[in-house]
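Just below is one structure, and these are the notes that go with it.
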Amino acid sequence: MIADLTETIIKILFIFSINVGFYSPILGWVERKQSALMQDRVGANRANILNFKIIGLFHPIADAVKVLTKEDFIPEGADKFFHTLAPFISLTPAIVTFAVIPFGGNYELWGHSVKLVIADLDVGMLFIFAFASLSTYGVVLGGWSSNNNWSLLGGLRASAQMLSYEVAMGLTLIGVFMVYGSLRLTDIGMIQENFFRWGIFMQPLGFILFLTCAIAENKRAPFDQPEAESELVAGYFTEYSSMKFVMFWMGEFLEIVTISGIVTTLFFGAWHLPFVTDQMLLSWFSPAGPNGAAILAMIVNVLVFFLKVSFFIWLLMTIRWTLPRFRYDQVMRLGWKMMLPLALLNIFITGIVLLVWK
Amino acid sequence: MQLLMFYLLGFGAVVSALLLVTNKRPVAAAMSLILTMLFLAGIYVLLDAHLIAALQIIVYAGAIMVLFLFVIMLLNVEEKAGRLSNRKIALQFISILVVGAILISVTGLIKIGPSQVVDSFGTTKAVGQMLFTDFLLPFEIASILLLAAIVGAVILAKRRIDD
């Protein structure tokens, strides 16, 4: 009982410190630096401590200080309660959804079985969906409560866009569930120990559809209509300042991390290296004794998982800075007239292949 | 522990439902309805029906209520001042009492013994198996009904655009 409790608390602290402590500040730096590289600029390089700049890595600290000392402004005529609530609703799902994503397998440590996932739920993927769908309210309420027409338009666009792409996203994942026969993300991770059963080989169309829908849910370019700065100032968070603005911003970055985690788990072998099974890892490290081997295997698996996650974060950032923004009717047309039929086709083909295979 | 959780969730559900009907601002009322649904999902989890809980949040709290909010914002529904007359309030209370009395007497008639619950109860697999074997006909009828509703909605919306 005590051992289980400590295990869970350690896992929660680990994931929390990686996501909120490492990824969310560092992604702000990555975004600036990568956009600068791609647009042939120098990028963030001003913040310095005693003239040390280390490629602009002090900027996250400078940002934090700036944000914490800024005035928290609520516009006149705004709904104070919902205006304050909205950023919290937006940030919470982004943090909570990582609870069901496994970042490693099962390990025997001193007779205690350790499973590297915070909550191994039977409904796994549906849990992520449930919370992701709640994050819509943060955007919608933020847009509505600001008493600003630009904000309201942004909120309306966001709600329509997120609803539309949730449908296609759910249908895309049905193909994945059909192939693996489970909603539990740890099961899906286990099956992908075999390199040829990685999701990308079993569901190539599903992967492309899922990634597109995920970017649309994330509301980043080319799907950043809700905050289109050339039309709507900054869309739903125009009237936000200080810490509340950063909460929206952190929510967006943590969503990127979660999306990368889901893509890694569903399509790219979760914590497994290609052609290397967990058993092989354990036997390679066997000179370190059974517990030592388990710990080393655990470290390798966790590293592999987060390296894959970082790769997909890089991919999403590259897409964000490469493609121009869609027009709003194009976003809707893509969602309903192309993604949805393709997702249905994917289910149909998967079903036929599964039938023939058996 | 389970009983305590049930009372907490039940209390939350009742309070948020009361907030829903007493609140005059449409958006606040809609948000309390979402809160009610989240508490209901919590009660489903207590009953070991994890799948139903997840679907409750996805479908009702996540999708349908977003549309509610969307419509409220789009139409810009105004709050209306004023209060109900005493006669109407009295009428409402009487009808609540009558409906409650009927409900309690009906539930008293149905005898439910201690039911046998299998270990896999409420898992995705168990629900799916039941849905596609024992309850296949009702399931298919419901899906045809939904399809008819979708087609109807499309036709209604299209006629408006064509005009």
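Laboratory data are not the source of any read-out in this text; all were calculated from the coordinates shown. Keep in mind it's a predicted model, so treat the numbers as computed, not measured. Here the Cβ is made from the backbone with ideal geometry for all residues, glycine too, and neighbour counts use every protein chain on show.
At the listed q of 0.12, 0.22, 0.23, 0.25 Å⁻¹, the Debye profile of segment A:153-235, built from one uniform point per Cα, gives log10 I(q)/I(0) equal to -0.46, -0.95, -1.00, -1.11.
Considering all C-alpha pairs of segment B:1-79, those separated by over 21 Å amount to 32%.
For A:Glu229 and B:Val15, a Förster radius of 51 Å and the Cβ-Cβ distance give a FRET efficiency of 0.80, rounded to the nearest 0.05.
Computed over the Cα atoms of chain A, the ratio of the radius of gyration to the Kirkwood radius (Rg/Rh) comes to 0.99.
Net charge near A:Glu217: determine it from the other residues with C-beta under 9 Å of the C-beta of A:Glu217, scoring Lys and Arg +1 and Asp and Glu -1. For residues surrounding A:Glu217, the net value is -1. Comparing A:Met317, A:Met243, A:Met38 in a Gaussian network model of chain A (Cα springs below 10 Å), the most mobile by mean-square fluctuation is A:Met38. For segment A:175-314, report the % of Cα-Cα distances exceeding 18 Å. Tail of P(r) above 18 Å: 64 percent of Cα pairs.
In segment A:206-270, the inverse of the mean reciprocal separation of distinct Cα atoms equals 13.0 Å; this is its Kirkwood hydrodynamic radius.
The chymotrypsin sites (Phe, Trp or Tyr not before Pro) of segment A:260-350 meeting both criteria, a DSSP state outside H, G, I, E and B (loop) and at most 16 other C-beta atoms within 10 angstrom of the site's C-beta, are A:Phe275. Cross-link partners of A:Lys244 among aspartates and glutamates, defined as those whose alpha carbon lies under 12 angstrom from its own and excluding same-chain residues fewer than eight positions apart: A:Glu71, A:Asp72.
Excluding residues on the same chain fewer than 8 positions from B:Lys158, give the aspartates and glutamates whose Cα lies under 18 Å from its Cα. Within the straight-line limit of under 18 Å, B:Lys158 reaches these aspartates and glutamates: A:Asp329. GNM remark for chain A: springs join alpha carbons under 10 Å apart, and the peak mean-square fluctuation among A:Gly143, A:Gly77, A:Gly124 falls on A:Gly77. At full extension, A:Leu205 and A:Leu68 could sit 44.9 nm farther apart than now, given 0.36 nm per residue minus the alpha carbon distance. For segment A:139-156, putting each phi into the Karplus relation 6.51 cos²θ - 1.76 cosθ + 1.60 with θ = phi - 60° gives couplings of 5, 5, 5, x, x, 6, 6, 6, 6, 9, 5, 4, 4, 4, 4, x, x, 5 Hz, in residue order, rounded to whole numbers and with x for Gly and Pro. Counting 0.36 nm for each residue step from A:Thr322 to A:Gln279 and taking away their Cα separation leaves a gain of 11.4 nm. Based on the convex hull around the alpha carbon atoms, chain B presents an average projected area of 14.5 nm². Hey, in the GNM for chain A with a 10 angstrom Cα cutoff, which one of A:Gly181, A:Gly155, A:Gly170 fluctuates hardest? Maximum fluctuation in the GNM of chain A, among the listed residues, is at A:Gly181.
Taking a label point 7 Å from the Cα of B:Leu46 along the Cα→Cβ vector, which residues of segment B:1-33 have an amide N closer than 11 Å to it? It comes to B:1-14, nothing else. A DSSP coil position with no more than 16 other Cβ atoms inside 10 Å describes the following trypsin sites (Lys or Arg not before Pro) in segment A:59-137: A:Lys70. Using a Debye calculation, one point per C-alpha and no hydration shell, please list log10 I(q)/I(0) for segment A:1-85 at q = 0.20, 0.24, 0.25 Å⁻¹ in order. At q = 0.20, 0.24, 0.25 Å⁻¹ the computed log10 ratios are -0.96, -1.10, -1.13. The Kirkwood hydrodynamic radius of segment A:65-129, based on inverse pair distances between different Cα atoms, is 15.6 Å. For chain B, the 222 nm mean residue ellipticity estimated from helices alone, with every DSSP H stretch of n ≥ 4 adding -39500 (n - 2.57) and the total spread over all residues, rounds to -24500 deg cm²/dmol.
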